[in-house]
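One structure is given here, and the rest of the page talks about it.
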Amino acid sequence: MTLLRMPVAIASRKGLSSVVHEAEEHRVVLTSHGRPVAVVDSAERLDESARRVRDAQLAVLDAAADLVSHRSSKFSLAEACERLGVDVDRVERLAKERAEAAE
């Protein structure tokens, strides 16, 4: 998904309908002095994001319940990512970036 950064002043000049039209194609991040202050997104993407968060919450709760009841087996990173519907390559890349940043 691509993000479109737009200063609030430009969004104001373009008008709400123009910003909403952009949001149908891209998530629009409104900025003030270069800092994100608001996001305009499509209802479809918002619903999909909420569904993914709910699914991830349920997977985490299920895993926690398994741990508490001692029914759990250990999962590799790839298995955990698959169960959560997360891209393992992205997780590994983010972990590497954060480790390098912490050095």
| query | Out of all the residues in the stretch 40-69, which are within 15 Å of Cys81 (Cα to Cα) and of a type in the set (D, E, K, R)? | reply | Arg52, Asp55, Asp62
| Which residue, of Glu92, Glu100, is outside the structural domain of Val8 (by TED's automatic domain parsing) and modelled with pLDDT under 90? | Glu100
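Per-residue answers, yes or no, for (1) under 14 Å from the mean Cα position of the chain (by Cα); (2) over 28 Å from Gly85 (Cα atoms); (3) of a type in the set (A, V, I, L, M, F, W, C):
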| residue | (1), (2), (3) |
| --- | --- |
| Met1 | yes, no, yes |
| Leu4 | no, no, yes |
| Arg13 | no, yes, no |
| Leu16 | no, yes, yes |
| Glu24 | no, no, no |
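The values are calculated or read from the model by the stated rules, or taken from the named source; none is laboratory data. In this text the structure is predicted, and so the values were computed from the model without any measurement.
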